[in-house]
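Notes follow the structure.
The values are calculated or read from the model by the stated rules, or taken from the named source; none is laboratory data. Everything numeric in this text was worked out from a predicted model, so none of it was measured. For neighbour counting, all protein chains shown are included, and Cβ atoms are generated from backbone atoms with ideal geometry for every residue, glycine included. Just so you know, the surface numbers come from the protein's heavy atoms only, side chains and all, with ligands and any DNA or RNA stripped out. Shrake-Rupley method; radii C 1.70, N 1.55, O 1.52, S 1.80 Å.
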Amino acid sequence: MYENLFKNPLHRVFVYGTLKRGEPNHNLIQDTANGYAKFLGLGKTTVPYPLIIATKYNIPFLLKKPGVGYHVLGEIYDVDTKMLKKLDELEEHPTFYERSEENVLMASETKIKGNDNFEEVIVRVGSLMKVWIYFLPKFRSSLLHLPMYNSYSNEGSHGLKYCENEESTIRPEDLL
């Protein structure tokens, strides 16, 4: 096991949308055929960003516009190079989304008690770390007028169910 880590280093990734546990694309992270992934804890961006839901497929996007929106909540994983390549494929990095290394605060779930507000716990006991985050770097400015969220759930009160499938592709003109 340890020998493999030297050949295949781990990369820390922050996921905020359909890749989180309980969300439509989480099976990609769970499938060991795609590589190794280990859940580390819950995280929150140290800088506010606009997290929106857009296109006819109701896809969550994190727009690369620091200082606008909210501190975004998500999950942090250690993944191997094979899994990172799978995530890059899903996110169409670097032609569509762009993977960028950013700071987040992380708290392990063991630090969060049943009725704790996990945002408060992250601020109180969180560890600062560098992670990879997938951003939409180029977008129409009108997207900044859409509702912004601090956390994404396909079951959210927004009522916008994610519906992308194998046949559907996002066209850049939908967002640019």
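The single condition among (1) closer than 23 Å to S127 by Cα; (2) in a loop (DSSP other than H, G, I, E, B) that G22 does not satisfy is (1).
Every residue, every condition in (1) buried (at least 16 other Cβ atoms within 10 Å of the Cβ); (2) of a type outside the set (A, V, I, L, M); (3) under 17 Å from H26 (Cβ atoms), yes or no:
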{"site": "F61", "(1), (2), (3)": "yes, yes, no"}
{"site": "G74", "(1), (2), (3)": "yes, yes, yes"}
{"site": "M83", "(1), (2), (3)": "yes, no, yes"}
{"site": "L87", "(1), (2), (3)": "yes, no, yes"}
{"site": "E91", "(1), (2), (3)": "yes, yes, yes"}
{"site": "P94", "(1), (2), (3)": "no, yes, no"}
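Within the stretch 148-164, residues that are farther than 16 Å from F14 by Cα sit with their Cβ atoms under 8 Å from residues that are part of a loop (DSSP other than H, G, I, E, B) and acidic (D, E), at 6+ positions apart or across chains, in these pairs: N154/E23; Y162/E23. When I59, I52 are checked against the criterion of being modelled with pLDDT of 95 or more and within 20 Å of Y70 (Cβ to Cβ), a single residue qualifies: I52.
Restricting the stretch 10-54 to residues that are charged (D, E, K, R) and over 11 Å from V72 (Cα atoms) leaves a set whose member that is nearest to the chain's Cα centre (by Cα) is K20.
Restricting attention to the stretch 25-45, the residues being open to solvent by less than 50 Å² (accessible area, probe 1.4 Å), touching a residue at least 24 places away in the same chain (Cβ under 8 Å) and either in a helix (DSSP H, G or I) or under 14 Å from K82 (Cβ atoms) (or both) number 5.
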